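The values are calculated or read from the model by the stated rules, or taken from the named source; none is laboratory data. What you are looking at is a predicted structure, and each value in this text was computed from that prediction instead of being measured. When we count neighbours, we look across all protein chains shown, and the Cβ atoms used for this are built from the backbone with ideal geometry, even at glycine. What goes into the accessible areas is simple: the full protein's heavy atoms, side chains included, and nothing from ligands, DNA or RNA. Shrake-Rupley method; radii C 1.70, N 1.55, O 1.52, S 1.80 Å.
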Amino acid sequence: TDLSTLPRPQARPADAVAGFCADVLAGLAGRPKAISPKYFYDEAGSRLFDRICRLPEYYPTRTELEILSAHAGDIGAFAGAGAALVEFGSGSSEKVRLLLDAMQAPAAYVPIDISGPHMRAAIARLARAYPAVAMQPVEADFTRLAALPPIGAPGRKVGFFPGSTIGNFTPEAAAGFLAGAGAMLGAGAAFVVGFDLAKDAEILDAAYNDNQGVTAAFNLNLLARINRELGADFDLAGFRHRAFYDPAAGRVEMHLESLAAQTVRIAGTPIAFARGETIHTENSYKYAPAAFAELARGAGWRERALWTDARGWFAVALLER
Ligand code: AVI
């Protein structure tokens, strides 16, 4: 890969900042107040997320790696020769190495990520390890992407959506995403999707309330980011991280709770908080394997395989269409 062809770092485009500002103000005007979790991932947030993935309490990352290691050979065999891997929300592009190693002469890797600098640093590392794979990074919000760039690979397109990021969508939005990704990847594509499974509340509560406070810092970084990018005056000590599993809703919810009645100014707009009022910052849905398979079927995918770990904590589906 000729790294000079990779998109170069650039300042955040003005329309991205305007879109962030509009989304934050609209979300805080709603009841309950809410901000999309996609805004966690500025540079600081992406680094904090990488630290979450290494926490002892946060089992999803290492459990998924265990499942992928055990079944990468099956995925590689199904992908066939000369395939293109398309990763939605590629982050640090670490897990994809397992698939690239198991595939036969993979031709292209297309990482899609909202955090451009973080993605470019990851791809520069990956390109050195896989010089024969064409790197085609796309800096974009994959929830809004309508089409893929032309991909130079003779083989099958293989979508990759690990980490249970699909759990950050509502089930309806997850079905919409799976259908849209299917349309983008085209007939004959495969899709490798990692998703988290419903389990005991204590395990989930611990995973989202780690002892070192990294998840709290990740959640609170959203307010720091709003201060940095939108000139707001959130006092981070005036809010606390809250996360809990709601088994009836089948999801972990994350919130930022206001510790006092206070008014914050964002881009000149005053936003009032009551004491105890929260900003809902994330849902993380936990599925039963059969419920996920049904969701994928409704979105036009057939389940070729569904693997879990020995404890039944996490799952990876190999879908085809
Ligand atoms: C990216 N996503 C799947 C993570 C999750 O578990 O829902 C984000 C995260 N939030 C708190 N910890 C990790």
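Can you tell me which residues in the stretch 299-309 are open to solvent by 70 Å² or more (accessible area, probe 1.4 Å) and farther than 18 Å from ASP196 by Cβ?
ARG302, ARG304
Which condition breaks for ILE203 when tested against (1) crowded, with 18+ Cβ neighbours inside 10 Å; (2) within 14 Å of the ligand (Cβ to nearest atom)? Here ILE203 clears every test but (1).
Against the numbered list (1) crowded, with 16+ Cβ neighbours inside 10 Å; (2) in contact (Cβ under 8 Å) with a residue 24 or more places away in the chain; (3) away from the ligand (no atom under 16 Å from the Cβ), GLY312 comes up short only at (1). Residue count for the stretch 283-298 under the criterion of being of a type outside the set (Ser, Thr, Tyr) and open to solvent by 20 Å² or more (accessible area, probe 1.4 Å): the result is 9.
Taking the stretch 172-214, which residues are in contact with a Pro (Cβ under 8 Å, 6 or more places away or on another chain) and of a type in the set (Gly, Ala, Ser)? The answer is GLY194, ALA198, ALA201, ALA207.
Per the listing ASN209, ASN219, ASN168, the residue uniquely surrounded by fewer than 20 Cβ atoms within 10 Å (Cβ to Cβ), of a type outside the set (Lys, Arg) and in contact with a helix residue (DSSP H, G or I) (Cβ under 9 Å, 6 or more places away or on another chain) is ASN209. Restricting THR165, THR143, THR170 to those that are of a type in the set (Ser, Thr, Tyr) and farther than 28 Å from ARG311 by Cα reduces the list to THR143.
Taking the criterion of being open to solvent by 30 Å² or more (accessible area, probe 1.4 Å), of a type in the set (Phe, Trp, Tyr) and assigned to a helix (DSSP H, G or I), the only residue of the stretch 23-77 that qualifies is PHE49.
Let's see how each residue does on (1) under 21 Å from the mean Cα position of the chain (by Cα); (2) within 16 Å of the ligand (Cβ to nearest atom); (3) over 30 Å from PRO289 (Cα atoms); (4) of a type in the set (Lys, Arg):
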position	(1), (2), (3), (4)
LEU178	yes, yes, no, no
GLY188	no, no, no, no
LYS199	yes, yes, no, yes
PHE218	yes, yes, no, no
ILE226	yes, no, yes, no
LEU230	no, no, yes, no
LEU236	no, no, yes, no
HIS255	yes, yes, no, no
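Here ALA232 meets the list (1) open to solvent by 30 Å² or more (accessible area, probe 1.4 Å); (2) hydrophobic (A, V, I, L, M, F, W, C); (3) under 17 Å from SER36 (Cβ atoms) almost entirely, failing just condition (1). Annotation note: Cβ proximity below 8 Å between a residue of the stretch 187-213 that is in contact (Cβ under 8 Å) with a residue 24 or more places away in the chain and polar (S, T, N, Q) and a residue that is crowded, with 21+ Cβ neighbours inside 10 Å and not in a strand (DSSP E or B) (sequence gap 6+ or interchain) occurs for ASN209/THR215.
Among the residues of the stretch 264-282 satisfying the criterion of being within 16 Å of the ligand (Cβ to nearest atom) and among the hydroxyl-bearing types (Ser, Thr, Tyr), which is least open to solvent (accessible area, probe 1.4 Å)? Within the stretch 264-282, the match that is least open to solvent (accessible area, probe 1.4 Å) is THR281. For the residues LEU48, LEU25, the requirement of being more than 30 Å from ASP210 (Cβ to Cβ) and at pLDDT 95 or above singles out LEU25. Screening the stretch 91-144 for residues that are of a type in the set (S, T, N, Q) and without any contact (Cβ under 8 Å) to a residue 40 or more places away in the chain and picking the one that is nearest to SER46 (Cα to Cα) gives SER93. Set side by side, the residues VAL138, VAL158 differ, and just one is buried (at least 21 other Cβ atoms within 10 Å of the Cβ), closer than 13 Å to PHE88 by Cα and of a type in the set (A, V, I, L, M), which is VAL158.
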